Amino acid sequence: VQLQAFGGGLVQARGSLRLSCAACGRNFRSYIVAWFRQAPGKEREFVAAITWSGGSTYYADSVKGRFTISRDNAKNTVYLQMNMLKPEDTAVYYCAADRTISVINTTPRSYGYWGQGTLVTVSS
């Protein structure tokens, strides 16, 4: 499967953005999909993930209550709605997917497919 992330941009603190991760390939609905982010000089960190059915989601503590992950399997797309953005949310955001894992995993190496990343910049 090929992934393309888009929707990033410049936003003021407390603003909102919605990222999209569009997938090309068969059986996308069987993949667990996650969002990660990487700020300059920092390691890539887990943000949120969703199971193939959308029935289970998991969030990093730093974004819980502000970000919402969802998916539309008919459109082969996963979304990350980001509200109440903070300057510390500034990073390149990547979507990742895998179907060999049976439960949500927060480590980057668990995901075999990655999108190219989209930059989110939050100004104070």
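Where a number appears in this text, it was derived from the coordinates with a stated rule and is not lab data. Here the structure is a predicted model, which is why all the values come from computation and not from measurement. Cβ atoms come from the backbone with ideal geometry, glycine included; neighbour counts cover every protein chain shown.
The range 64-107 gives an Rg/Rh value of 1.00, both radii derived from C-alpha positions and Rh following Kirkwood.
If you take every residue apart from ALA60 with its C-beta less than 15 Å away from the C-beta of ALA60, what net charge results, scoring Lys and Arg +1 and Asp and Glu -1? Could you put the intermediate results ahead of the total?
Numbers: positive: ARG37, LYS42, ARG44, LYS64, ARG66, LYS86; negative: GLU43, GLU45, ASP61, GLU88, ASP89.
Result for the neighbourhood of ALA60: +1.
Ellipsoid fit via the Cα gyration tensor, the range 28-72: semi-axes of 21, 13, 7 Å, each the root of five times an eigenvalue, largest first. Using the Cβ atoms and a cut-off under 9 Å, what net charge is assigned to the surroundings of VAL78, where Lys and Arg are +1 and Asp and Glu are -1? Net local charge, VAL78 excluded: 0.
Please compute, over every Cα-Cα pair in the range 11-54, the percentage with a separation greater than 16 angstrom. Don't skip to the answer; put the middle values down first.
Numbers: 537 of 946 pairs.
Everything past 16 Å amounts to 57 percent.
Sequence-ordered 3J(HN,Hα) estimates for the range 84-93 from the Karplus curve with 6.51, -1.76 and 1.60 and θ = phi - 60° stand at 6, 5, 10, x, 6, 7, 4, 4, 8, 9 Hz, glycine and proline given as x. With Cβ to Cβ distances under 12 Å as the rule, what net charge do the other residues near ALA97 carry (K, R +1; D, E -1)? So the environment of ALA97 carries a net charge of +2. For the chain, the alpha carbon convex hull comes to 89 Å³ per residue, rounded to a whole number.
Using the Cβ-Cβ distance between ASN73 and SER124 with R0 set to 35 Å, the FRET efficiency works out to roughly 0.40.
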